[in-house]
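K.L.:
Got a structure for you, questions after.
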Amino acid sequence: MKTENSVTYAEATAEPPDEPTGGWRTAMASTLGLACGPSVLAVTTFGAFIAPLHREFGWGIPAIGLASSILSITLVFISPVQGLLVDRFGGRRVILWSSPFFALSLMAMYFLPDSLPAFYLGWVLIPLCGLGLWPVSYLRLTAGWFERRLGLALGVANSGIGIGTVLVPILTTVLIGTWGWRAAYLGLGMVALIAFPVAYFLLAEPRPRADGRRVGVESAATRCGTRRERGRSGSCLPHSSCWARSAPASSSTRSRCCLTPGFPRTSRTWCRSHSGSRSSWPGS
């Protein structure tokens, strides 16, 4: 008899459903967002400004290059914070918050004075203001939509960094050669603003499915199957790590995970309800 919370063989071995179109829209939007994010606008364009700054202020090239290390060190500390914010508020909201601040931080370099400490401070603020625009936010959003094609979707999203790395340095060189390095920072700030409408109109948080789970969350049967021990016969092993509660604490129903040869590789586990007293449960 199938209880309300038990997992049937058919459910455990069923192929994941096709991803909604919103998932691919989010993946493509992430491509565009990463192409105009700090991984490109702040990191890959840094070298184009070294010579103009050296000519205008007379700063040594090693002194200017130190700002790149400051950017990297700042990123080390803010990355865990970004992850916490994405988990708490969702990637889309964090991106929307960060986009205008990151654009303004780049534009503020137009007013850079002849002061190395001010220059260094700027390269602390730029990655900080772009906190939500580093790849974690976009990749987390994209991953939440997919099951079967997760690797492909993440590859599509992450390709935005490569696209931006090709195009943005060329744009930066043209801006510096035509209007100077200060105007180039203004131009990069305007490019950074593209992330806001992209996130607002195209990015979407993964929506719950009919079974209450979010798209991209693996099934209980699959999760249970990752914690198993296999015998030579391929039969069920009464190991406590391969049992999962599938009913409220007051119920004696549990799902026993079995490794069975011949099942599809994408779902080689199945669970069947097992009733009995608490004393008969593994690990009790």
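K.L.:
Based on what the data block shows, is Ile163 part of a helix (DSSP H, G or I), crowded, with 19+ Cβ neighbours inside 10 Å and assigned by TED's automatic domain parsing to the domain that holds Ser68?
P.N.:
No: the conditions fail for Ile163.
K.L.:
Considering only helices (runs of 4 or more DSSP H) fully contained in the stretch 1-65, which possess at least 3 residues that are modelled with pLDDT of 95 or more and of a type in the set (Gly, Ala, Ser)?
P.N.:
Because the criterion is at least 3 residues that are modelled with pLDDT of 95 or more and of a type in the set (Gly, Ala, Ser), the helices (runs of 4 or more DSSP H) in the stretch 1-65 that meet it are 21-35.
K.L.:
Could you please let me know if Pro127 is within 15 Å of Val86 (Cα to Cα) and in the same structural domain as Ala108 (by TED's automatic domain parsing)?
P.N.:
no
K.L.:
For the stretch 80-95, what are the residues that are in a helix (DSSP H, G or I) and either crowded, with 17+ Cβ neighbours inside 10 Å or of a type in the set (Asp, Glu) (or both)?
P.N.:
The answer is Gln82, Leu85, Val86, Asp87, Gly91, Arg92, Arg93, Val94, Ile95.
The values are calculated or read from the model by the stated rules, or taken from the named source; none is laboratory data. Quick caveat: nothing in here was measured; it's all calculated off a predicted structure. No Cβ is skipped: glycine too gets one built from the backbone with ideal geometry, and neighbour counts run over all protein chains shown.
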